[in-house]
1. Criterion first (under 19 Å from E355 (Cα atoms) and in a strand (DSSP E or B)) does S160 satisfy it?
2. If the Cβ limit is 8 Å and pairs must be 6+ apart or interchain, which residue in the stretch 176-198 that is under 9 Å from P106 (Cα atoms) and in the same structural domain as G15 (by TED's automatic domain parsing) pairs with which residue that is in a helix (DSSP H, G or I) and among the acidic types (D, E)?
3. Would you pick out the residues in the stretch 194-216 that are buried (at least 24 other Cβ atoms within 10 Å of the Cβ), touching a Leu at 6+ places or on another chain (Cβ under 9 Å) and of a type outside the set (A, V, I, L, M)?
4. Which residue pairs have Cβ atoms under 6 Å apart, sit 6 or more places apart or on different chains, and have a first residue in the stretch 113-140 that is more than 20 Å from P83 (Cα to Cα) and a second that is modelled with pLDDT under 95 and charged (D, E, K, R)?
5. Going through the stretch 217-269 one residue at a time, which ones are within 24 Å of F146 (Cβ to Cβ), surrounded by 22 or more Cβ atoms within 10 Å (Cβ to Cβ), within 20 Å of the chain's Cα centre (by Cα) and not aliphatic (A, V, I, L, M)?
6. Give the residues of the stretch 1-51 that are of a type outside the set (A, V, I, L, M), in contact with a His (Cβ under 9 Å, 6 or more places away or on another chain) and in a strand (DSSP E or B), sorted by residue number.
7. Give the residues of the stretch 1-38 that are exposed (fewer than 15 other Cβ atoms within 10 Å of the Cβ) and of a type in the set (D, E), sorted by residue number.
8. So which residues in the stretch 42-58 are among the hydrophobic types (A, V, I, L, M, F, W, C) and either buried (at least 20 other Cβ atoms within 10 Å of the Cβ) or not assigned by TED's automatic domain parsing to the domain that holds E74 (or both)?
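The values are calculated or read from the model by the stated rules, or taken from the named source; none is laboratory data. In this text, all values refer to a predicted model and were calculated from it rather than measured experimentally. Here the Cβ is made from the backbone with ideal geometry for all residues, glycine too, and neighbour counts use every protein chain on show.
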Amino acid sequence: MRNQVSVKVGIIGGGLMGKELVAATRRWDALVDHPVRPEVVAVADPSPDVQGWFKNANIPHIYNDYKELLANPEIDVVYIAVPHNLHEEIYLAAVAAGKDFLGEKPFGIDLAASERIVTAVKASKSFVRVSSEMPFYPGAQAAINFVKSGALGEIVEVRSGFLHSSDLDTSKPINWKRQVKFCGEIGVMGDLGMHVAHVPLRLGLNPKKVYSLLDDIVKIRKDSKGNDVACDTFDNAVLAIKGATGSDNRQFPMIWEMKRIAPGESNTWFFNAMGMKGGVSFSTRTPATYKRFSYSNGEQVWSELQPGHKTNWPVITGGIFEFGFPDSLLQMWASYFAEREGKLGDKFGCATVDEVVLSHRVFASALRSFNSHAEEMVI
């Protein structure tokens with residue numbers, strides 16, 4: 001596309017997702033008529049191995065300290081992918097530096113930190129969104145649009161989840177996500193919860209009350225030196241939520257599942273919604289299809305559809321080809337940069353700061369429910 005706006009990007013935290021961003025920007029020509037052309041020009045990470053990877057990728061500016069990156073006037077947008085205990089410090093510093101950024105979930109180690117960050121964002125001119133790439137699968141987009149069309153009628157039930165088997169191996173060494181001091185007391189809800197909350201909240205399926213089942217399954221893991229270390233975060237969380245739409249006082253059941261230990265699953269994200277007239281179901285376990293349900297004239301019919309490579313932002317890829325995780329990241333970033341430029345239109349957008357704070361309120365209520373053994377209001 002002619003006259004694309006050039007955007008210089010810096011990465012704070014050069015782990016897996018930072019590397020994926022470099023790869024995504026170098027596939028940018030797969031997008032059709034996108035108004036922005038981003039280029040990763042800097043990374044801040046103290047790890048020599050990480051710095052070596054970015055040097056090999058010809059990233060010109062390599063910093064040990066994120067403050068040096070934020071001080072670089074060349075950088076327009078920052079991607080911040082660091083442990084949860086560092087979110088508040090670095091996100092607030094990015095706002096103070098006048099940078100736009102996309103931050104990783106959960107946008108603060110707890111609700112109080114998230115609210116402080118969002119207050120600062122809203123008082124600034126920074127354009128800020130939250131990472132959540134799974135809803136950009138074509139089947140997920142089709143499911144979202146089917147719900148938005150009103151084809152479900154009155155909502156009966158909603159289920160949303162993200163299921164890993166990443167911690168099924170009990171010999172796996174401990175990392176920061178398994179320790180409260182780094183990950184936060186909400187545990188797996190902070191790690192996976194925004195992915196689960198994004199679509200229901202965007203569709204106006206508002207959580208009102210929650211009863212939680214939180215499980216700390218593997219309580220001890222070895223560190224890199226072979227020492228026993230307490231795993232004091234929740235591995236799995238199942239939230240039984242009473243939800244409501246803005247136009248309906250009736251509360252319907254909504255289940256959110258977030259699991260690091262889900263035997264039989266690898267990296268499955270799903271969204272299901274059923275209503276009196278219709279329903280829809282999508283899972284990344286079968287990403288080439290999604291299912292629609294209809295009830296008419298006494299007949300109940302499930303239809304399996306193949307959305308093809310029909311994406312939120314158009315691409316050169318033929319519609320018959322299958323969509324994958326790197327494609328979802330490209331679509332998420334395409335939406336971020338387009339919205340930042342005011343060119344998103346009616347396309348699906350990244351998770352907002354209001355949505356992430358509401359997700360935190362649900363998770364804080366889930367902690368209260370775990371301690372009280374009772375249903376808690378989402379406040």
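1. On the way: under 19 Å from E355 (Cα atoms): yes; in a strand (DSSP E or B): yes.
Here the answer is yes, as S160 does meet what is asked.
2. Close Cβ pairs (under 8 Å, with a partner that is in a helix (DSSP H, G or I) and among the acidic types (D, E)) do not exist here.
3. Here is the first cut: in the stretch 194-216, the ones buried (at least 24 other Cβ atoms within 10 Å of the Cβ) are 194, 196-200, 207, 210, 212.
With the extra rule that they be touching a Leu at 6+ places or on another chain (Cβ under 9 Å), the set shrinks to 196-197, 199, 207, 210, 212.
Within the stretch 194-216, P207, S212 qualify.
4. Short answer, once both residue conditions are applied: P138/K310.
5. W256, W269
6. The first filter runs over the stretch 1-51 and keeps only residues of a type outside the set (A, V, I, L, M), leaving 2-4, 6, 8, 10, 13-15, 18-20, 25-29, 33-35, 37-39, 45-49, 51.
Retained after the next criterion (residues that are in contact with a His (Cβ under 9 Å, 6 or more places away or on another chain)): 4, 10, 28.
Within the stretch 1-51, just G10 meets the criteria.
7. D29, D33
8. Going residue by residue through the stretch 42-58, those that are among the hydrophobic types (A, V, I, L, M, F, W, C) are 42-44, 50, 53-54, 57.
Within the stretch 42-58, A42, V43, A44, F54 qualify.
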